[in-house]
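Everything below concerns the one structure shown next.
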Amino acid sequence: MVGTATAPPGFAVPPRARDCHCHVFEPCVHFPYVPERNYTPPDEPLEAFLSLLDTLCLARAAIVQPSVYGRDNVLLEMGFPIAWGGPWDYPYLEAPDLIHELRDRYGAGKLGRGSDMPNVERFCTYKQCPDDIRRHCDFLSGDEMERILGGNVRELAGISGPPS
């Protein structure tokens with residue numbers, strides 16, 4: 001539990017040391033737990049966790065989603081220009097078939113277009129990055145396209161309103 005560490009460790013923590021598996025439990029009124037969970041954790045909000053990292057002199061952490069939130073909370077980032085920009089040529093005409101399969105398998109609500117900016121610029125410009133979707137995925141409805149090109153990520157991050 002976050003509240004158990006009250007003093008820094010009694011040894012020199014290596015640079016860039018990290019906690020490699022930890023959980024953050026925000027109040028369940030904001031992030032409800034699934035009814036079929038095996039336990040109900042105490043609130044351990046992000047602020048408390050960040051304070052714990054400072055106390056333990058840790059620079060990084062890998063936050064892992066605990067089972068109390070269920071399993072249906074994946075957002076798959078599609079970064080085809082990064083993954084396939086070397087072997088495929090712009091505008092990545094191979095990508096729409098994969099996007100179609102991913103949409104059919106997982107639904108548009110589970111997909112997000114990622115650019116991995118600035119790394120994408122090895123293969124295309126930032127503006128060109130979503131062209132394989134905008135120009136070549138006519139099988140997507142307008143709502144599906146909006147969700148994939150930013151709506152799902154805005155929802156995940158709790159950002160309301162249209163993209164700026």
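What follows draws every value from the coordinates through simple rules; no lab data is involved. On a predicted model such as this, the values are computed, not experimentally measured, just so you know. Don't worry about glycine lacking a Cβ; one is built from the backbone with ideal geometry, like all the others, and counts go over all protein chains shown.
Each peptide in 79-86, 96-103 was scored by the mean count of other Cβ atoms within 10 Å over its residues; highest first, the order is 79-86, 96-103.
If you line up the long axis of helix 95-106 against the longest principal axis of the chain, both from Cα atoms, how many degrees apart are they, to the nearest 10? Roughly 50 degrees, rounded to the nearest 10. In terms of its alpha-carbon gyration tensor, region 1-158 comes out oblate; a/c meets the 1.5 threshold, while b/c is at least as large as a/b. Extension gain for I159 to W88 (0.36 nm times residue separation, less C-alpha to C-alpha distance): 22.2 nm.
Tell me, what is the FRET efficiency for D19 and K127 to the nearest 0.05, using R0 = 41 angstrom and their Cβ-Cβ distance as r?
Efficiency at R0 = 41 Å is approximately 0.60.
With a Förster radius of 25 Å applied to the C-beta separation of L50 and L75, the computed FRET efficiency comes to 0.60. Against the main long axis of the alpha-carbon atoms of the chain, helix 46-55 sits at an angle near 60°.
The Rg/Rh ratio for region 81-164, using Cα coordinates for both the radius of gyration and the Kirkwood hydrodynamic radius, is 0.96. Of the residues M78, M117, M145, the one that moves most in a GNM of the chain with alpha-carbon contacts below 10 Å is M117.
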